[in-house]
């Protein structure tokens, strides 16, 4: 159950943290249609995170952060009262790809393209997970992710094959996120153990499928695969081990501050 | 004592919040000398805030935020465990004047010019406060503030009379901060009551002195006083009443998050 | 124009008959220039209000204190973007250009609802905006569902439905907070104090000072006067405040059994005028935010247009 | 050059005598080109390290959990900027140009200490950087206080004094945290685990792989080999770790009574090479941060230069 707990957090944290990043765009997107679209994608991801956290709390109550008042549901205890090192998301979702100074709309699209291609492949496999909640989340999620991937691919075409400026920015955006790509396919021991029992999917098995999708989209958009080296882990540990980039602490401070300031409050 | 408590918070919060904003520049300044200078100014202001908070805690222990563990000193209880509405700083110090997207070095200098001219005038009067701690903080502070004002004035000259670009940015920077100027001279009832007993200074009496300084600096820099209207209060309430701009919540979330996440910790 | 006087006169009588019969004017129908101009201005201002209105609540999405509230809030702000979209579409049926309207907004030539020039200072503001601001908006907008211009009326039907949903969610958040801690109750009361008077001002100046009302009512664009709507809002809201357990910050507020309505104090109309004319606590901030988003996004819109033009040229070449 | 062979040879002997006598070379003295180049490179890299080193700790200034720690940290990072300034000044006495060196840094042509390519993940990292990273830096730098080039040696005396102060502050923070909560002890141990091996790598590759060491030692620029300094650091640090109550993450670490030193494991030199060559967890981030600050500040530096030029022209006009 500790493994399943950890695995639910991995899948849930990926979704929550990216939803948080996408929510930053709200009222800042390049056009209204995109405000709507990015919010929609964020909502889908939030909607995936919540049952995953609830499932995590259910299978392994010992994992609930200590000292959180009982009226706080598991999903909020896990989202708001875990410290940075207990977050299991891949580092791709936490970096600033805009609207902050670390990126722009192109970097946001580049990340969404990579993330949704990968997560779609992952959830497709999880539809047959032996854990019923994972299977259900995955079944719903694949439809959502297919839309997210399509949305990102459409924008990759428009930006890659739009103006000189948009091409230049799309190239830079891909270079921003590509170093985080490798980490997506590195299996954590928890994933490997659960994959054996049919609960999880081994992410290393997704690489060629995802690569193919990305290559296709990039080729159609007139873009090359960036030649950048992967972002190193820290002492062999990365996102799945709770070791994040320096951006993560600021993200959590903003997200968790109110909940932690008033732990007894009821929302 | 509640009045003196509130007054110490006003003076302390002005200093702490501006120090926080200046600290954001650290490693981001236009030249190393300026990294050093802005950090120095921030340190002076932090150094003013700390005894003011300690004094506040001393004269009115009931003002200490509830539930903060006893080992946390008053200065930290007040800086880290008060909610936004209990912060009494003027709104000038909290807005983003750079390095965030809300400003740039020129806006930072414009704010520093206005703030330090005003606070120097204020502390000059407080050197003869009947409260010994205020008088001591003021006596030390006037020397510091004289340097801050001089530093800001020098940069105002360089930027106002530097290049076309720097002139344009300095004009914009002044326009960013000028709407917050009027608030500096509006006396809060606490200030008026304490001014009568010689503890505080009535800020409305500082206006002509500060105006003269600003006019002199601007004239030498070839800059005009911006023609902008003052930023409205909210239902008649502004910074001194605990009603802030939307920037304040984010500033506090970043500043207080760690302390609040681990209230039992010892630093 | 003079040569078409007779048919024009006939068209105008036809238009007036349609309006008087409570039937709908549709985009292809003839309509007087003043009607068209009034509608474009009003619908554009309404659209601008939805778009600017994303900011005060959007301010709390990344900081919402529970996942459920985060999802509700994100969905709500998304709906506001959607409302803006329908409304801009409605102006396009009248021949307006969205890009031009957006420029009118960000260059300060067209207004938006002044209520959004106040800051959201705590999470309770999110609830109070739902309760009071959406509540007032609904009072204003329900009659617009029967407004004479078809596309506007249909947009309003959809919008009103979603806004009542938002209003209930806002009220429910406040109810939950009032059952929480002392500090939460303080936050709700404080937010109520700050938003009450601005909400009353949402109905516009007193009828004596509202020059456009008469013509708009004749055209069935508007159906009630500002003061009528304001009274209706107060009557509806006072019992809600009581159920919630908050005090509305108006010492003159009391039930008047003779009128069958609540009496209430006079909003600070001088403040109203200041905020409308640009001097509210957030006017500059809201416009700067919108302007920045628009300008930062210019390269994206240009890329999309260039891409679409190229694809369309290719299709023509292939045909 | 050949025509000046004799005086040059004389100058070179003079230089070598000065160095061998442990006296100081000063800016106006003759010095071999290789000595000058080596010094410029080494001092510039040291300056770059101070400047880049502002970032990992600077990352916690706005979030420091007490006002005292905030002030200590801000002052420390400010000192690092100050160290950068002295060191760039020392390179200027050798004829280098600060702007050019800065460009070398931000364009990746000159290195800085690889230790700063690791992230600071918790506030304990601030303490551990003081303890281990400043501790290792001091081991490296104390001998430089007697280095043969005068301005460098004098800068190092001042820097070492401040760094020992920082080191004590870092250790004191960790001591305080270890007396705090369980979570704080976990943070200190975790930070120690992450920073220990990178700290050992600060002394550079093993002596067998360090090609420049011999010449630098002959010139009295360097006085101990990498491995000697590394051993000294380990010997100094192990008892400190024990006092603190943390475990150093090296199973091979044990006292060797025969050698009178601690034996310890081999750092992951493959990782070291990757990080030096640009592939650490933060290399790209650190450089991008520095580049952005430099580029964003260009208009300020230009304005200051234009202003200074104008004032100086006026003074000349007046004279």
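The values are calculated or read from the model by the stated rules, or taken from the named source; none is laboratory data. These numbers come from a predicted model, not from an experiment. All Cβ positions, glycine included, derive from the backbone under ideal geometry; neighbour counts span all protein chains shown.
What the table below lists for this structure:
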read-out	value
Positions within the range B:52-75 being under 21 Å from residue A:263 (Cα atoms) and buried (at least 22 other Cβ atoms within 10 Å of the Cβ), in sequence order	B:72
Unmet criterion (only one of (1) within 14 Å of chain A (Cβ to nearest Cβ); (2) out of contact with any strand residue (DSSP E or B) (no Cβ under 6 Å at 6 or more places or on another chain); (3) assigned to a loop (DSSP other than H, G, I, E, B); (4) buried (at least 17 other Cβ atoms within 10 Å of the Cβ)) for residue D:275	(3)
Which listed residue is under 20 Å from residue D:195 (Cβ atoms) and in contact with a helix residue (DSSP H, G or I) (Cβ under 8 Å, 6 or more places away or on another chain), from D:297, D:280	D:280
Some residue of the range D:226-240 being away from chain A (no Cβ under 14 Å) and under 22 Å from residue A:233 (Cα atoms)	no
Filtered residues of the range B:217-249 (kept if in a helix (DSSP H, G or I) and touching a helix residue (DSSP H, G or I) at 6+ places or on another chain (Cβ under 7 Å))	B:217, B:220, B:239, B:240, B:248, B:249
Qualifying residue in the range B:7-18 (condition: facing another protein chain (nearest Cβ under 9 Å), crowded, with 22+ Cβ neighbours inside 10 Å and more than 18 Å from the chain's Cα centre (by Cα))	no
Single match in B:125, B:119, B:149 (criterion: over 16 Å from the mean Cα position of the chain (by Cα) and either at pLDDT 95 or above or surrounded by 23 or more Cβ atoms within 10 Å (Cβ to Cβ) (or both))	B:125
The range B:244-258, residues that are closer than 20 Å to residue C:289 by Cβ and either away from chain A (no Cβ under 14 Å) or more than 22 Å from the chain's Cα centre (by Cα) (or both)	B:244, B:245
Residue that is farthest from the other protein chains (Cβ to nearest Cβ), among those in the range A:31-41 that are closer than 13 Å to residue A:99 by Cβ and buried (at least 24 other Cβ atoms within 10 Å of the Cβ)	A:38
Residue match in the range A:192-201 (condition: within 14 Å of chain B (Cβ to nearest Cβ) and crowded, with 18+ Cβ neighbours inside 10 Å)	no
Flag for residue D:41 being in a loop (DSSP other than H, G, I, E, B) and surrounded by fewer than 19 Cβ atoms within 10 Å (Cβ to Cβ)	no
Subset of the range D:157-184 that is at the interface with chain B (Cβ under 9 Å from one of its Cβ atoms) and touching a helix residue (DSSP H, G or I) at 6+ places or on another chain (Cβ under 8 Å) - its residue that is nearest to residue D:47 (Cα to Cα)	D:173
So residue A:238, is it closer than 30 Å to residue A:72 by Cβ, away from chain C (no Cβ under 14 Å) and either modelled with pLDDT under 95 or crowded, with 22+ Cβ neighbours inside 10 Å (or both)	yes
Residue match in the range D:89-104 (condition: farther than 23 Å from residue D:224 by Cβ, surrounded by fewer than 18 Cβ atoms within 10 Å (Cβ to Cβ) and within 14 Å of chain A (Cβ to nearest Cβ))	no
Filter result for residue D:252 (outside any strand (DSSP E or B), more than 12 Å from every other protein chain (Cβ to nearest Cβ), surrounded by fewer than 17 Cβ atoms within 10 Å (Cβ to Cβ) and touching a strand residue (DSSP E or B) at 6+ places or on another chain (Cβ under 7 Å))	yes
Test for residue B:214: is it part of a helix (DSSP H, G or I) and away from chain C (no Cβ under 14 Å)	yes
Flag for residue B:261 being closer than 30 Å to residue A:79 by Cα and either surrounded by fewer than 21 Cβ atoms within 10 Å (Cβ to Cβ) or within 14 Å of chain A (Cβ to nearest Cβ) (or both)	yes
